[in-house]
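Here is the structure we will look at.
The values are calculated or read from the model by the stated rules, or taken from the named source; none is laboratory data. As the structure is a prediction and not an experimental result, all values here were calculated from the model. Neighbour counts run over all protein chains shown; Cβ positions are idealised from the backbone, glycine included.
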Amino acid sequence: METFRVVTAAGQVGEYLRAELCRGAWGGRMPGGSRLATELGVGRDTVEAALRILERDGLLVPHEWGLNGVRSEWVRSEWGQV
């Protein structure tokens with residue numbers, strides 16, 4: 001019997017963003033959460049959760065904070081393994 005892996009929406013977005021980073025999209029600097037949410041057709045909370053996953057994994061570091069205290073820009077970590 002085949003086993004299935006359940007992936008949350010944030011996990012799916014995180015996998016997509018990881019793949020995009022691997023192929024060199026965004027030149028090392030990712031757009032902010034609002035822009036990504038609009039482009040991907042998901043909620044901003046989902047994107048922020050996905051970005052936190054990539055930050056936790058060492059792939060991204062927060063670069064700039066928006067007016068409301070939400071990360072507005074991310075850069076690829078020099079130490080992260082994609």
Q: Tell me which residues, restricted to segment 1-24, are of a type in the set (Gly, Ala, Ser) and not in a helix (DSSP H, G or I).
A: Gly24
Q: Identify all residues within segment 37-62 that are farther than 16 Å from Thr8 by Cβ and touching a helix residue (DSSP H, G or I) at 6+ places or on another chain (Cβ under 6 Å); write none if there are none.
A: Leu60
(Q) Just the residues that are among the acidic types (Asp, Glu) and surrounded by 11 or more Cβ atoms within 10 Å (Cβ to Cβ), please, taken from segment 1-31. (A) Glu15, Glu20
Q: Among the numbered conditions (1) farther than 16 Å from Ala10 by Cβ; (2) of a type outside the set (D, E, K, R); (3) at pLDDT 70 or above; (4) within 12 Å of the chain's Cα centre (by Cα), tell me where Val75 comes up short.
A: (3)
Q.
Can you find a residue that is modelled with pLDDT under 90, of a type outside the set (Val, Ile, Thr) and touching a helix residue (DSSP H, G or I) at 6+ places or on another chain (Cβ under 6 Å) anywhere in segment 10-29?
A. no
Q.
Six or more apart or on different chains, Cβ atoms under 8 Å: show the pairs whose first residue is in segment 25-51 and touching a residue at least 40 places away in the same chain (Cβ under 8 Å) and assigned to a helix (DSSP H, G or I) and whose second is polar (S, T, N, Q) and surrounded by 19 or more Cβ atoms within 10 Å (Cβ to Cβ).
A. none
(Q) Tell me whether segment 38-48 contains one or more residues that are at positive phi and modelled with pLDDT of 90 or more. (A) yes
